[in-house]
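The values are calculated or read from the model by the stated rules, or taken from the named source; none is laboratory data. On a predicted model such as this, the values are computed, not experimentally measured, just so you know. Note that we place each Cβ from the backbone using ideal geometry, even for glycine, and neighbour counts take in every protein chain shown. What goes into the accessible areas is simple: the full protein's heavy atoms, side chains included, and nothing from ligands, DNA or RNA. Shrake-Rupley method; radii C 1.70, N 1.55, O 1.52, S 1.80 Å.
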Amino acid sequence: MEAEARRRLRALRMEAAEYYRSHGVPQRMEDALNTLFPQRPGDLYGELANYLSKFSKAPLISKLVGRKVLDGVGQPTLEVETHCTVKNYERRICSVVMSSHFQTLVNALPETIEADEKERNNSVNTAVEWVNESLSTMLRDVKPTDQGEVDKMLGEFFTKKVEEKEEIQKREEREKDEETPSCIPPATELPGGKKAAKQGKKASIPEKMIPPAEPIELVLCGSLAIGGTSLAIAKAGATINHVPLYLHISLLKHNQVHVIFSLMTTCVYIKLLFLFYFQQQASKRISHLGCPVTGCDNLEQLLLLMQTACNNRSLELGKDMYLAINCAAHELMDYSKGKYEILTGTFKSPDEMINMYVELTDKFPFIIALIDPLRKEDRQQWTNICCALGSKCFLIAEDAATYISKRKIDQNFNVPTCSGVVLKYINQTKVSDLIELTGLLDSQRQITILGSPDGESSDDSLVDLAVGLGARFIKLGGLSRGERVTKYNRLLAIEEELAENRTLRMKQKFFFLLRKWFHRMHFSKNKTDNYRTINLNCLRRSNVFPIQMV
């Protein structure tokens, strides 16, 4: 018995020696000891662990956890947690909270509000189910650093869900057609019905026919799960690589080891906002966007008020401070008149709107951007305003732009002539989609603005996305509520980090250059006649500049 035990012990030792030898353990342990001895680290075992961890297997996704949480205004939205197997242990790596795309108008009817709340809850519940069941199983054992593979799988999953939805709709339509009688009696006037209008009596029609509003693109219930999972994986990849999320995103976009960022200081900007709020809050209220709400007799009154606020702080508009106006023209259109109601009782046609903007920018040259100055349906007027103002300020499409998915499929689909677009990370948007589209916009010399969706959350990943993608601006709204201040604080933290790394650039110029002009003059040696430059302390295309919409 004793001899048999010794034999088994020798066999076990030989097996162990072969196991460790096959994994190179003796040689690596010797290298580790030889490397660390001259250093004599204070925490020897900690340094040994760090040294040997370089040879450990790459972390793999073990599971995803989705849950319903509340956004900045108390509405339900989606949170996605990423768990990975790291050195044989399952660990929670990070989480993200998605901003929702739902928006209910302030003066909406009670039944509309109830329907919107029901739709929101159904969408979030479906998204939670997708994350906890299908997506968690599908992405198990995938590297969180392989963003391209993850987004490809997410895209295929979403396409399948869309096809399933379409098939259900077709089946329901067929069943409805089968139930509907094929013989429909001719329409007759019902008792008490309205009589046809007499000939010769003109009905009330708009003075000039305008293109009707295009239908809103339908959003698949549960699509939040796709965007939330993609961003959660990107954040996990950054955490595992021990780099900030903005650097991880930039490396994904540029596929290079060293990336230099530029970022503009926001200190002057924040001082002005605080001053403006302090002057107004005693008698005026702040909107949900964080903007002071005040009545005005004309459009110039608020701009003059901003000038006064700057003068009180010894700030010069056009040098120390610049303004971008969110015109939101789609909210001003009176379809019964076919005109924009810019003030109560004051209406202007699309062509008259262009003249108004020209006068404003001439009188207030510190306006560097107009966002949605016209509806997207007014395509000819977009072309006209770009010809009139394209060399003086940025003309940005936000509501006038399409969803990211449509921009990817067709670069010119539903997009008016403009200087750039506002992109929002919502619904089924994936990190790879943003990378692809911002690269496309860069190649067309269009500027990119990352914007906060209506249903904001306290997650500050949007700021890292803006910096990493090289967005020219970031649209965050006013300094109100925690979900806004969190993003501004993150922007300041990134600025400080880049300054410490000496990768922060401050003195740059704005170049107002439209895409179509660039293509026409691409091979010209002298382009100075086709755009105007303004000297100021700001950023290049890869910089982030927070802007507050008036």
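Treating r as the C-beta distance of T35 and N311 and R0 as 51 Å, the FRET efficiency rounds to 0.20. The packing ranking of peptides 81-93, 126-138, highest mean first, is 126-138, 81-93, where packing means the average number of other beta carbon atoms within 10 angstrom of each residue. Remark: the E133-E167 segment gains 10.0 nm on full extension, using 0.36 nm per residue and subtracting the alpha carbon distance.
If you plug the beta carbon distance of R28 and A493 into 1/(1 + (r/R0)^6) with R0 = 45 Å, you get a FRET efficiency near 0.75.
Counting protein heavy atoms only, the stretch 54-98 has 50 percent of its accessible area on carbon and sulfur, 1.4 angstrom probe. Here the simple spin-label model places points 7 Å from the Cα toward Cβ, and for H254 and S53 these points are separated by 2.7 nm.
Taking 0.36 nm per residue of separation and subtracting the Cα-Cα distance, full extension of the segment from A213 to M1 would add 67.2 nm. Each pair of Cα atoms in the stretch 55-126 enters the Kirkwood radius, and Stokes-Einstein at 20 °C and 1.002 mPa s then converts it into a translational diffusion coefficient of 148 µm²/s.
Applying a threshold of 25 Å to the alpha-carbon distances of K87/K152; K68/K118; K376/K424; K152/K235; K170/K430 flags K87/K152; K170/K430 as lying beyond it. With only the Cα atoms considered, the stretch 1-125 has a convex hull volume of 215 Å³ per residue. Sorted on the mean count of surrounding Cβ atoms within 10 Å across their residues, most packed first, peptides 440-447, 341-348, 484-491 read 484-491, 440-447, 341-348. The value obtained for the stretch 293-408, namely the Cα convex hull volume divided by the number of residues, is 134 Å³ per residue. The stretch between A328 and Y19 holds 104.5 nm of extra length on full extension. This uses 0.36 nm per residue minus the Cα-Cα distance.
The listed peptides 369-377, 301-309, 223-231, 383-391, ordered by packing as a protection proxy, come out as 223-231, 369-377, 383-391, 301-309 (highest mean of other Cβ atoms within 10 Å first). The modelled label-to-label distance between N88 and D43, using points 7 Å beyond Cα along the C-beta direction, is 2.1 nm.
So, R0 is 25 Å and r is the distance between the beta-carbons of K319 and E359; what FRET efficiency does that work out to, to 0.05? The value I calculate is 0.65.
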